[in-house]
Amino acid sequence: MFQTLLSPEVREIITFCPVRIRYNSPVVLSYTFLCLGLYLINHFIFPHFTEGFLTNYPGIEWKNPLWYWRLLGHGLGHSNPPHLLGNFSLILLLGPMLEEKYGSKPLLSMILITIMCTGLLNCLFFSTGLLGASGVVFCFITLASFTNIKPQEIPLTFVLVALLFLSKEILGIFKTDQVSQFAHILGGIAGGVFGYFRR
């Protein structure tokens, strides 16, 4: 009905170019939009939302329901635009390929396990807060190197990724900065384990 109101030339262009935007990677896109939405809520509506609800703090508080939420919630929060853009430029680059190969539910479980493990280890062994999706990023980086794996093989791409990215993070442990290298390392290890056993 709407097309009848258009001129014949415009109708011809619309018919010739039937382009539509497809929600091609539901887990990766939903994760991206959720993190973006929570960042905007923190930035424009509740200024301390990220600190109060999305930051994983050291120590275990079994009786605090918020502690359980923060085990996963820290993977949704980001401190500033470069932090958010840096993580999701790689997640959006690698995630659709991984979701197509492994499926939506397995990829979601990989994301949740990686976030929960980094949060739990931060509570147990570190004295700083943990925030962001960088563990998931490194999980995706190493997982992507397993996309063309064959039985009884370890891809050279995985070996090179491990040497380049993980060795850089191990050296970065000795720097004093706001980057959680252990989350990167653990995410990379998780991606390697997932990729090896789901090949």
Exercise. If you check LEU130, LEU94, LEU160, which single one turns out to be without any contact (Cβ under 8 Å) to a residue 24 or more places away in the chain and not aromatic (Phe, Trp, Tyr)?
Worked result: LEU160
Seminar exercise, completed: Scanning the range 32-85 for residues that are crowded, with 18+ Cβ neighbours inside 10 Å and among the charged types (D, E, K, R) gives ARG70
For this session: Could you look through the range 49-88, keep only residues that are aliphatic (A, V, I, L, M) and farther than 26 Å from SER25 by Cβ, and pick out the one that is modelled with the highest pLDDT?
Result: LEU66
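The values are calculated or read from the model by the stated rules, or taken from the named source; none is laboratory data. These numbers come from a predicted model, not from an experiment. All Cβ positions, even for glycine, are placed from backbone atoms using ideal geometry, and neighbour counts span all protein chains on display.
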